[in-house]
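In what follows, a single structure is set out as structure tokens and then discussed.
The values are calculated or read from the model by the stated rules, or taken from the named source; none is laboratory data. Since this is a predicted model, take the numbers as computed values, not measurements. Using ideal geometry, Cβ is built from the backbone for each residue, glycine included, and neighbour counts are taken over all protein chains shown.
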Amino acid sequence: MTHDAIVIGAGPGGASAAIGLARAGLRVALVERSEFPRRKVCGEFMSAASRPALDALGVAAKWDAAAGPEIKRVALFMGERVVTAPMPVSGGHGRGLGRDVLDGLLVTQARRCGVEILQPCRATGMVREASWHRVTLVAPQGTVTLAAPILVAAHGSWERGPLPTQAPKLQGPGDLLGFKAHFHGGALDADLMPLLSFPGGYGGMVQVDGGRLSLSCCVRRDVLMRLRQPGDTAGEALQAHLMRSCRGVREALGPATRDGPWLAAGPIRPALRPCYADGIYRVGNLAGEAHPVIAEGISMAIQSGWLLSRALTGLDPTDARARDAAGASYHAAWRRQFSTRIRAANAFANLAMRPERFAGLGRVIAAVPATLTLGARLSGKVKPVC
């Protein structure tokens, strides 16, 4: 064996798992195909419920120093309607931090904890042999093979490729595609995070680091195809659709300038999935994916990485029965922590993409803004990881 654990993917889930495992005394390799800093399609908000995990990982102080303003209010932007309400509070407020900053912060901490970082390096094969895994990697220097009894897949559910943990490439008109862009000079209140409801999709906005406004959204593939005119990029067509559909977006982006191109990814596949199967542990979106409408993706990834590292702490990595028992324990803990918010996200997303169906609830929210606070609570904003 070359290591006790190999983690594929250095996003928030993979890096958090690697840090936790290294702090538990394991020899860990963290494999990442992209060079950092990198931009990613991501809502970039993290709720205060992740604070205990950040403290345990040893990165809370650096996150505090880098993140954007505290988010104290939630809102609904739907058509001409703009409704705001207090964000539920539990041990502080959530904040936004660009993935181009957050990912580097976590990988730097992993390196400090003794994790071997292989970057840029792409995993092209996984083979299970007896009680350990052999992983083939392609790096600029050539092909490398690692072996370890613990294998963690953290490459995200959107990535397609040859690994058994990667989904086949399928397309359909109802697919949800993810988009993200940064803006400077926007007029969104610093403490506000709105839910955007528009025909064919949903999204959100939040102020992140460096005075940037981060706008992320999902839109159905067939709706996007109808929106695009000759010569339009997908991002430009989507931005125009948002401006037409939501007064709140028009007001927030009216004075703003976009910082770089729109990013696109997907399709997204929200679902509950096995957290441990075929001897492979899964964290982040691979363990289970909520519709981004609830803005919990980063929180769930970091918390799942920490939950896995706790489940594996103290066991003999070469003991197959202990690894299986840890997998069952991790799966149960993951479901307790996240299953409710995934189901709530499905309901919210199905409504938000259909403003004509959402109209009745929109009137209720306008009359009783505390409904937004309740929705944020159901999405897990005040449920810290155990």
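Tabulated data for the structure shown
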quantity	calculated
Counted residues, the stretch 66-123 - those being under 28 Å from R377 (Cα atoms), in contact with a Gly (Cβ under 7 Å, 6 or more places away or on another chain) and not hydrophobic (A, V, I, L, M, F, W, C)	5
Selected residue (only one of V83, V7, V41 is crowded, with 17+ Cβ neighbours inside 10 Å, outside any helix (DSSP H, G or I) and over 19 Å from the mean Cα position of the chain (by Cα))	V83
Residue in the stretch 107-117 that is of a type in the set (K, R), in a strand (DSSP E or B) and either closer than 29 Å to V206 by Cβ or touching a residue at least 12 places away in the same chain (Cβ under 8 Å) (or both) present	no
Residues that are under 20 Å from S50 (Cβ atoms) and either touching a Ser or Thr at 6+ places or on another chain (Cβ under 7 Å) or in a strand (DSSP E or B) (or both), drawn from the stretch 70-80	I71, R73, V74
Index of the failed condition, A311 passing every other in (1) at pLDDT 95 or above; (2) out of contact with any Leu (no Cβ under 9 Å at 6 or more places or on another chain); (3) over 19 Å from A17 (Cα atoms)	(3)
Which numbered condition L106 fails, given (1) modelled with pLDDT of 90 or more; (2) over 23 Å from the mean Cα position of the chain (by Cα)	(2)
Scan of the stretch 132-152 for residues that are surrounded by fewer than 14 Cβ atoms within 10 Å (Cβ to Cβ) and either small (G, A, S) or touching a strand residue (DSSP E or B) at 6+ places or on another chain (Cβ under 9 Å) (or both), ordered by number	G142, T143, T145
Cβ-Cβ under 7 Å pairs, at least 6 apart or on other chains, the stretch 295-308 side among the acidic types (D, E), far side modelled with pLDDT under 95	E296/S47; E296/A290; E296/R341; E296/S379; E296/G380
A290 vs. criteria crowded, with 17+ Cβ neighbours inside 10 Å, hydrophobic (A, V, I, L, M, F, W, C) and under 15 Å from the mean Cα position of the chain (by Cα)	yes
Residue that is buried (at least 22 other Cβ atoms within 10 Å of the Cβ) and either within 20 Å of P317 (Cα to Cα) or modelled with pLDDT under 95 (or both), where the choices are S16, S90	S16
